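Novice: What follows is a structure written as structure tokens; I'll ask about it next.
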């Protein structure tokens, strides 16, 4: 049974509108021609995500998201996506946007990576941002508040 799940590691975060978020992410995956198997969003602290960044990617920097693609078949989504709630809050302030909008942006960003979109280089980054905006606007189909 395909599933999107939410977990907390070293933070206490309660994602609003969980059911609508699940439907939205699943619909985005299907719209891109992929099949959802299992997608776990793990909300965590800066320090927790820094540890993952150091251990698995050899990067010694804070980041807002790390996506692990665990799929073994093409066009299937099996993944763990780690998101720093501290980065989300800081980004929301920096970009003067609602915290919920920022967490949605980062969640769809990680999902887009799983769908084959990249963000290295100007052209790829522009397309990624366009896709993020497209899917953020797509939330209106799911009666987000």
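Residue-by-condition table, conditions (1) in contact with a helix residue (DSSP H, G or I) (Cβ under 7 Å, 6 or more places away or on another chain); (2) more than 21 Å from residue 61 (Cα to Cα); (3) surrounded by 12 or more Cβ atoms within 10 Å (Cβ to Cβ):
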| site | (1), (2), (3) |
| --- | --- |
| 100 | no, yes, yes |
| 107 | yes, no, yes |
| 117 | yes, yes, yes |
| 126 | no, yes, no |
| 132 | yes, yes, yes |
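Novice: Out of the residues in the range 38-51 that are crowded, with 17+ Cβ neighbours inside 10 Å and under 16 Å from the mean Cα position of the chain (by Cα), state the one that is farthest from residue 85 (Cα to Cα).
Specialist: Once the filter is applied, the top-ranked residue is 39.
Novice: Here's a follow-up. List the number of the failed condition for residue 102; all other conditions in (1) assigned to a loop (DSSP other than H, G, I, E, B); (2) within 23 Å of residue 17 (Cβ to Cβ) hold.
Specialist: So residue 102 meets the others, but not (1).
Novice: Next up: Sort through 75, 18, 31, 26 and tell me the only one that's at pLDDT 95 or above and within 16 Å of residue 100 (Cα to Cα). Steps first, please.
Specialist: Values: 75 fails: within 16 Å of residue 100 (Cα to Cα); 31 fails: within 16 Å of residue 100 (Cα to Cα); 26 fails: within 16 Å of residue 100 (Cα to Cα).
One residue alone meets the criteria, 18.
The values are calculated or read from the model by the stated rules, or taken from the named source; none is laboratory data. Predicted model, so just to flag it, every value in this text is computed and none were measured. Quick reminder, even Gly has a Cβ in these numbers, built from the backbone with ideal geometry, and neighbours come from all protein chains shown.
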